[in-house]
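Have a look at the structure below before the remarks.
The values are calculated or read from the model by the stated rules, or taken from the named source; none is laboratory data. Because the structure is predicted, anything quoted here is derived from the model rather than measured. Using ideal geometry, Cβ is built from the backbone for each residue, glycine included, and neighbour counts are taken over all protein chains shown.
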Ligand SMILES: Nc1ncnc2c1ncn2[C@@H]1O[C@H](COP(=O)(O)OP(=O)(O)O)[C@@H](O)[C@H]1O
Ligand SMILES: [Mg+2]
């Protein structure tokens, strides 16, 4: 298989080269478990968050895209290449930070990172020089000469990042990069990711922690139970959709129930949430608000709050998982 | 320590050729192995015990040329040679099919038949007549105080007892009192092999085995244990390259012990030979290259197979070594039923292969075709199994 010469095309050309990852109808099963269920998504350039609770299928998605897990159905294209058929070409341009421990414990960081660089096609001289550069970048100091089994989790994560970027891949897959790190370490890791992102790479960062994704990425893909829940620019997602309203009513149980029945005729009820003597609703429809107030007074209940729904990522996140249930 | 103020810098170097990258793995394996204290210890001790003395002999003992016998040993002794260094006490009857050396004494109250020469410094005491052939008429027991080594056959009609050693081709191997009526069949299952020879020295086999166990143990077990598998296979490397890289790295280490010294031995022997027959010497050197490569490679596939089955390096080491041992023992026991069972013993497979490489025939009763088939399968089958295991790991199913 031929390896492409890695000559940089200059700034503008780099910006032009949108490396996209597209999957269509991706299905991955592990025995009876369906880890990915007809997953279709397009991952654009830039830093992209892959958000979902544990067991959602994030790691499986990344592995499938890398060709590390065989898809039972569906297609995957990375920059037009199939990771199963054009494995070598695809892997020449990706870097991967796996979720779990994966470092060779008996080596030190310099040995490991340069070893990995060489397997990715660097000469040993280049690899060693670059290894020191990336270890400096991720902030592994003199410890780099110590055996990896003696490292703290935070250090290991940094070395994992270093081995993922040593060969300067065009696409980076970071699977829960802050896994097991303390708050300060998390901050540092997120900052490093932001810096790498500034160099015009496609970076897919998976996480089950919303705040982290919000910090580093402009684009988010939300996944739950192996299915795509929502994807889009974070800004757009946060604005909410048109004709979606948030409503809080107060009154007797019977009154709220009657109100609900009438409301259903005019609006699409997206979600309801009962509290004591109170109900919060998200509704969708084009009817005017006046009708609402009329219905409320007929049912003998009060409207405490009414307005267009501006969802935070958190709302989307929570809402998404409700839909998934 | 906060985040360094360093910005991310791209790398703009040139990539190496894809098909050569497995050598990176080989080189790393080789370096890591040579750093291991255990590997170094085995190499050094093994070198002294298995090679240094032989090389010194090759230089100092006068020889006309380098002969295949120096490598794989002399012709086996004629059948029916006995060595008695202790005392045999026969109350019953004892039939011996050949000559024996007697350095101890034989006490006879029974009958003993010897169909060959009886040579030695020992004595025979008893009611029977101490003449070759020897015939003791009364039934009685065989009593052993010293060591009896029997290469031929031994027929005991009475009982066998004693406090010495009785060694031989029959199932009666041991010491102490054996009070059992035993009968040994007509054709003894003892395999008469070539005796001695540099390549067949005990230390060479045992240290090759030890080294192979150590070298192979963590080749794959460690990557499984660390989960570092995933680092390799998310990179542009195929399972085939990974396996080749690991095996070649291991071969370099094995070659230090199993190949280089043999060549040194041959060259040393040729450099000091008194005669002018360099043709024979060169042929032996050629055969030695073959034998050395075979030994270097022989244990690796099997060792890697065991290594791929466990995540623990220590289990793998012990597993490899012990399973070889078990095979040696099973081979030793079952060859009494059929000589070809000896071929389950990997050291025998190697030895008989050497015999063929040096132009001799395999011992009588051993099926050369079967030897070839086993040799090929002990190398090929583990390789295929390991390849499939790694491939499946690499694709995550
Ligand atoms: N190798 C595997 N064997 C069996 N089940 C698996 C395997 N890998 C993942 N799964 C299952 O697939 C689902 C998705 O897992 P994963 O992709 O790891 O989720 P996430 O990374 O979002 O936490 C889970 O139910 C998990 O138990
Ligand atoms: Mg995961």
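Is it the case that residue A:198 is within 14 Å of chain B (Cβ to nearest Cβ) and either more than 16 Å from ligand 2 (Cβ to nearest atom) or surrounded by fewer than 20 Cβ atoms within 10 Å (Cβ to Cβ) (or both)? Yes: the conditions hold for residue A:198. Looking across A:166, A:216, A:220, A:229, one residue alone is touching a helix residue (DSSP H, G or I) at 6+ places or on another chain (Cβ under 8 Å) and at the interface with another protein chain (Cβ under 10 Å from one of its Cβ atoms). It is A:166. Filtering segment B:339-373 to residues that are more than 15 Å from the chain's Cα centre (by Cα), surrounded by 16 or more Cβ atoms within 10 Å (Cβ to Cβ) and either modelled with pLDDT of 90 or more or not in a helix (DSSP H, G or I) (or both) leaves B:356, B:357, B:358, B:360, B:362, B:363, B:366. Within segment A:52-63, residues that are assigned by TED's automatic domain parsing to the domain that holds residue A:25 sit with their Cβ atoms under 7 Å from residues that are part of a helix (DSSP H, G or I) and near ligand 2 (Cβ under 8 Å from one of its atoms), at 6+ positions apart or across chains, in these pairs: A:52/A:58. Go through segment A:226-241 residue by residue and tally those that are at pLDDT below 85, farther than 21 Å from residue A:45 by Cα and in contact with a strand residue (DSSP E or B) (Cβ under 8 Å, 6 or more places away or on another chain). Number of matching residues: 2. Within segment A:18-52, restricting attention to residues that are away from every other protein chain (no Cβ under 14 Å) and not in a strand (DSSP E or B), the residue that is nearest to ligand 1 (Cβ to nearest atom) is A:52. Scanning segment B:14-38 for residues that are buried (at least 18 other Cβ atoms within 10 Å of the Cβ) and assigned to a loop (DSSP other than H, G, I, E, B) yields B:15, B:16, B:21.
Looking across segment A:257-277, just one residue is part of a loop (DSSP other than H, G, I, E, B), in contact with a strand residue (DSSP E or B) (Cβ under 9 Å, 6 or more places away or on another chain) and over 17 Å from residue A:309 (Cβ atoms), and that is A:277.
Only a single criterion out of (1) within 15 Å of ligand 1 (Cβ to nearest atom); (2) more than 10 Å from chain B (Cβ to nearest Cβ); (3) buried (at least 17 other Cβ atoms within 10 Å of the Cβ) is not satisfied by residue A:55, namely (3).
Of all residues in segment A:169-188, those that are at the interface with chain B (Cβ under 9 Å from one of its Cβ atoms) and closer than 23 Å to residue A:43 by Cα total 1.
Among the conditions (1) assigned to a loop (DSSP other than H, G, I, E, B); (2) out of contact with any helix residue (DSSP H, G or I) (no Cβ under 9 Å at 6 or more places or on another chain), the only one that residue B:41 does not satisfy is (1). When the criteria are applied in full, residue A:163 fails the requirement of being within 16 Å of ligand 2 (Cβ to nearest atom), buried (at least 22 other Cβ atoms within 10 Å of the Cβ), in contact (Cβ under 8 Å) with a residue 24 or more places away in the chain and more than 17 Å from residue A:56 (Cα to Cα).
Kindly list the number of the only condition in (1) away from chain B (no Cβ under 11 Å); (2) at positive phi that fails for residue A:67. Only one criterion is unmet by residue A:67, namely (1).
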